[in-house]
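Participant: So that we are looking at the same thing, I have put the structure below in structure tokens.
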Amino acid sequence: NGVGNGAAAPAAAAPAAASPTHGTPLRVLYGSNGGTCEAMAASLAARAAGAGFAVTQAPLDAALKAGPVLVADAGATVVVTSTYNGHPPDNAKAFNKWLESSPTAPPASRFAVFGVGNSQWASTYLAFSKAVDAGLAAAGADRVRPLATADAGGPDPAEEFDDWAAALVPELAAA
């Protein structure tokens, strides 16, 4: 039975840590033709929900149709997008037109952008991601952190994204 023979009693299972539920709104938007950025956005959404954010996730064009793109006040909007030959992905074409229309951000809007491209196409590398980042800033939204990117032709774009997301979520929660 282990009693009195020097064997340690089994440790009691530690209670599971409760997931924080601050409910800060976080909109995770993506532009993706091949599914990579959509999967990255889903990963970020799950990570943020686990950290207590009230997360919504959608393609860029669908978010545009649903109402204000940028979350105001305490929340934030995160965009994960690719570039296709210098153009927006198929599910971000209307969003691109919206950006070109010089929109105005709601007060206290915050955003971050993660772009995925392939540096083999140097003349169009990350063109749409850069346009999203610049366009949201020009609209008056506050950049949470500089544009982050991954080269699809590089060693591990998914790891680059995971490292970025791991740092971003606590940063958003602390702000």
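The values are calculated or read from the model by the stated rules, or taken from the named source; none is laboratory data. Every value quoted in this text rests on a predicted model; they were computed, and no experiment measured them. Glycine gets a Cβ as well: all are built from the backbone with ideal geometry, and neighbour counts include every protein chain shown. Accessible surface areas use protein heavy atoms only, side chains included; no ligands, DNA or RNA. Shrake-Rupley method; radii C 1.70, N 1.55, O 1.52, S 1.80 Å.
Participant: Distance in nm between label sites at Ser123 and Val144, each 7 Å beyond Cα in the beta-carbon direction?
Facilitator: 3.6 nm
Participant: So, one more: Of the peptides 100-109, 80-89, 31-40, how do they stack up when ordered by the mean number of other Cβ atoms within 10 Å, highest first?
Facilitator: On the way: 100-109: 13.7, 80-89: 22.1, 31-40: 19.7.
Descending packing order for the listed peptides: 80-89, 31-40, 100-109.
Participant: Let me check against my output: what whole-number percent is the relative contact order of the chain, with C-alpha pairs under 8 Å and at least 6 apart? Let's see the in-between values first.
Facilitator: On the way: 321 pairs, mean separation 36.0, N = 175.
Result for the chain is 21 percent.
Participant: Okay, moving on. Given a 1.4 angstrom probe, what's the average accessible area per residue across segment 24-175, in square angstrom?
Facilitator: Computed with neighbouring chains in place, this is 44 Å² per residue.
Participant: Please work out which option in (1) 27, 18, 16; (2) 21, 18, 14; (3) 37, 20, 13 gives semi-axes √(5λ) of the Cα gyration tensor in Å calculated from these coordinates, and answer with its label.
Facilitator: Read-out taken from this structure: (3).
Participant: Using Cα atoms only, what is the angle between the long axis of helix 36-50 and the major principal axis of the chain, expressed in degrees (0 to 90) to the nearest 10?
Facilitator: It works out to around 50 degrees.
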